[in-house]
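No lab work stands behind these numbers, since they all come straight from the coordinates. This one's a predicted model, so the numbers in the text were calculated from it and none came from an experiment. Positions of Cβ are generated from backbone atoms using ideal geometry, with glycine treated the same way; all protein chains shown enter the neighbour counts.
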Amino acid sequence: MGNTVIKLIVGLGNSGSKYEQTRHNAGFWFLDSLARDYHAALRPENKFHGEAAKAQIKGNQVWLLKPDTFMNLSGQSIAALSRFYKITPEQILVVHDELDLPPGTARLKRGGGHGGHNGLRDTIEKLGSKEFLRLRIGIGHPGDKSKVHDYVLKQASRVDQAEIDIAIQHAADVIADVVTGELDAAMNRLHSAT
């Protein structure tokens, strides 16, 4: 794989004020944080089915994208932008909420399955590849599979939200290394911090 430069960072979530503060929107929260850090103004882009912006990160031009297709159709937006700009799956970082990690934890991962995450499932299907990079932001698990749907669409407790915000900040701190392909360095720093 080598040092692959990231050209597109996608935050997964659901559009609309109803979902804004729900755990499923951890990917959106990260992307909003990144847009603030790099002074990138996200604007609606109909042809990409979402909000997009260009950011300069450590001398690299990177697209930031928030699909507005709702979680289950995230891949439609990602495929539209990546095909238009000829960005390969290996050059994409998808940021999403992760049930299997506790709040306060963030993990980088290359490739793999969707683990039951509908946003990842659609992304894999629409890109025709699993080989994109993922940033998994821990939101914790309700303890019972039957409670997952309601859990991800509810607001986190104040304590959990504070932990999630800290993990997002730690992840944002290593994003320049991720973008320039220094993945091992980014993983070491992030995984020891969260």
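Which whole-Hz ³J(HN,Hα) couplings does the stretch 153-169 yield from phi under the Karplus relation 6.51 cos²θ - 1.76 cosθ + 1.60, θ = phi - 60°, glycine and proline marked x?
Result, rounded to whole Hz: 9, 10, 6, 6, 5, 4, 5, 4, 4, 4, 5, 4, 4, 5, 4, 4, 5.
What list do you get for SER77, SER129, SER33, SER192 if you sort them by fewest beta carbons within 10 Å?
On the way: SER77 26, SER129 14, SER33 17, SER192 8.
Placing the least packed residue first, the sequence is SER192, SER129, SER33, SER77.
With charges only on Cβ, +1 for K and R and -1 for D and E, what is the dipole size of the stretch 1-80 about its Cα centre, in debye, rounded to 20?
Numbers: 9 positive and 6 negative charges, 26 e Å.
Once rounded to the nearest 20, the dipole reads 120 debye.
Which entries of LYS86/LYS154; LYS58/LYS154; LYS54/LYS126 have Cα-Cα distances beyond 29 Å here?
Values: LYS86/LYS154 36 Å; LYS58/LYS154 36 Å; LYS54/LYS126 23 Å.
In this structure, LYS86/LYS154; LYS58/LYS154 lie more than 29 Å apart at Cα.
Run the quick spin-label model on ASP173 and GLU131: label points 7 Å from Cα toward the beta carbon, then report their separation in nm to one decimal.
3.3
Let a ≥ b ≥ c be the square roots of the eigenvalues of the Cα gyration tensor of the stretch 129-191; is it rounded (a/c under 1.5), or, if not, prolate (a/b larger than b/c) or oblate?
Numbers: a/c = 3.15, a/b = 1.71, b/c = 1.84.
It is oblate, given that a/c is not under 1.5 and a/b is not larger than b/c.
Which residue, GLY11, GLY113, GLY27, has the most motion in a Gaussian network model of the chain that connects Cα atoms within less than 10 Å?
For the chain, modelled as a Gaussian network with Cα springs under 10 Å, the answer is GLY113.
Enter the Cα centre distance for the pair the stretch 1-68 and the stretch 80-156, rounded to the nearest angstrom.
The stretch 1-68 and the stretch 80-156 have Cα centres separated by 14 Å.
Where does the charge balance sit around ILE166 when Lys and Arg score +1, Asp and Glu -1, over other residues with C-beta under 12 Å from its C-beta?
On the way: positive: none; negative: ASP160, GLU163, ASP165, ASP173.
So the surrounding residues net to -4.
Determine the dipole magnitude for the chain: charges of +1 sit on the beta-carbon of Lys and Arg, -1 on that of Asp and Glu, nothing else is charged, the reference point is the Cα centre, and the result goes in debye to the nearest 20.
Using only the charged Cβ atoms, the result is roughly 400 debye.
Where does the charge balance sit around GLN61 when Lys and Arg score +1, Asp and Glu -1, over other residues with C-beta under 13 Å from its C-beta? List each step's numbers first, then the result.
Details: positive: LYS7, LYS54, LYS58; negative: none.
Value of the local net charge: +3.
Distance in nm between label sites at ARG36 and ASP144, each 7 Å beyond Cα in the beta-carbon direction?
In this crude label model, ARG36 to ASP144 measures out at 3.6 nm.
For the chain, what is the calculated [θ] at 222 nm in deg cm²/dmol (nearest 500), taking -39500 (n - 2.57) for each run of four or more DSSP H residues and dividing by its residue count? Please report the intermediate quantities before stating the final value.
Working: 7 runs with 70 residues, N = 194.
Here the helix-only value at 222 nm equals -10500 deg cm²/dmol.
Could you order peptides 167-173, 53-59 by the average number of other Cβ atoms within 10 Å of their residues, highest first?
On the way: 167-173: 19.7, 53-59: 14.6.
Packing proxy ranking, top to bottom: 167-173, 53-59.
Highest GNM mean-square fluctuation, the chain, Cα pairs closer than 10 Å: which of PHE48, PHE28, PHE84?
Greatest mean-square fluctuation among the candidates belongs to PHE84.
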